[in-house]
1. How do the pairs read when you match residues in the range 8-33 that are over 13 Å from residue 48 (Cβ atoms) with residues anywhere that are polar (S, T, N, Q) and open to solvent by less than 90 Å² (accessible area, probe 1.4 Å), using Cβ under 6 Å and keeping only pairs 6 or more apart or on different chains?
2. Give the residue that is nearest to the chain's Cα centre (by Cα), with candidates limited to residues of the range 43-62 that are open to solvent by 60 Å² or more (accessible area, probe 1.4 Å) and closer than 19 Å to residue 4 by Cβ.
3. Of all residues in the range 18-27, which are within 16 Å of residue 41 (Cα to Cα) and surrounded by 12 or more Cβ atoms within 10 Å (Cβ to Cβ)?
4. So residue 40 clears everything in (1) open to solvent by less than 80 Å² (accessible area, probe 1.4 Å); (2) farther than 17 Å from residue 63 by Cα; (3) modelled with pLDDT under 90 except one condition, right? Which one?
5. Does residue 5 fit the bill of being among the hydrophobic types (A, V, I, L, M, F, W, C) and surrounded by 12 or more Cβ atoms within 10 Å (Cβ to Cβ)?
6. Sort through 15, 30 and tell me the only one that's surrounded by 11 or more Cβ atoms within 10 Å (Cβ to Cβ), assigned to a loop (DSSP other than H, G, I, E, B) and at pLDDT 90 or above.
7. Just one of the numbered conditions (1) out of contact with any Gly (no Cβ under 9 Å at 6 or more places or on another chain); (2) in a loop (DSSP other than H, G, I, E, B); (3) hydroxyl-bearing (Ser, Thr, Tyr) is not true of residue 48; which one?
8. For a quick check of your reading of the model, give me the residue pairs whose first member lies in the range 51-64 and is within 12 Å of residue 8 (Cα to Cα), whose second is at pLDDT 85 or above and open to solvent by 60 Å² or more (accessible area, probe 1.4 Å), with beta-carbon atoms closer than 6 Å and at least 6 apart or on different chains.
Amino acid sequence: MGLPVRAALLQTVNGPFVIDEVELEAPRAGELRVRMTASGICHTDLTYRAGAARFAFPAVLGHE
């Protein structure tokens, strides 16, 4: 059973980030769930949004 979370979704190259609910896999053995209250979008995310990398849409970017 997944966990509902809010994420900044990217639907298309150069599209806007849209806050929407997605389903996250439940934590596995040795993992834990952490409540995030704020996050940012970095230069790498903006570069990927501009088409610098190929990936499937919709996408949730971020690496920090």
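The values are calculated or read from the model by the stated rules, or taken from the named source; none is laboratory data. Just so it is clear, the structure is predicted and the values come from calculations on it, not from any experiment. Cβ: placed from backbone, ideal geometry, glycine included. Neighbour counts: every protein chain shown. For the accessible areas, the whole protein counts, side chains as well, though only heavy atoms, and no ligand, DNA or RNA atoms are used. Shrake-Rupley method; radii C 1.70, N 1.55, O 1.52, S 1.80 Å.
1. Between residues of the range 8-33 that are over 13 Å from residue 48 (Cβ atoms) and residues that are polar (S, T, N, Q) and open to solvent by less than 90 Å² (accessible area, probe 1.4 Å), there is no close pair.
2. 60
3. If the condition is that a residue be within 16 Å of residue 41 (Cα to Cα) and surrounded by 12 or more Cβ atoms within 10 Å (Cβ to Cβ), then 20 is the only one that fits.
4. (2)
5. yes
6. 15
7. Only one criterion is unmet by residue 48, namely (2).
8. 58/11; 61/48
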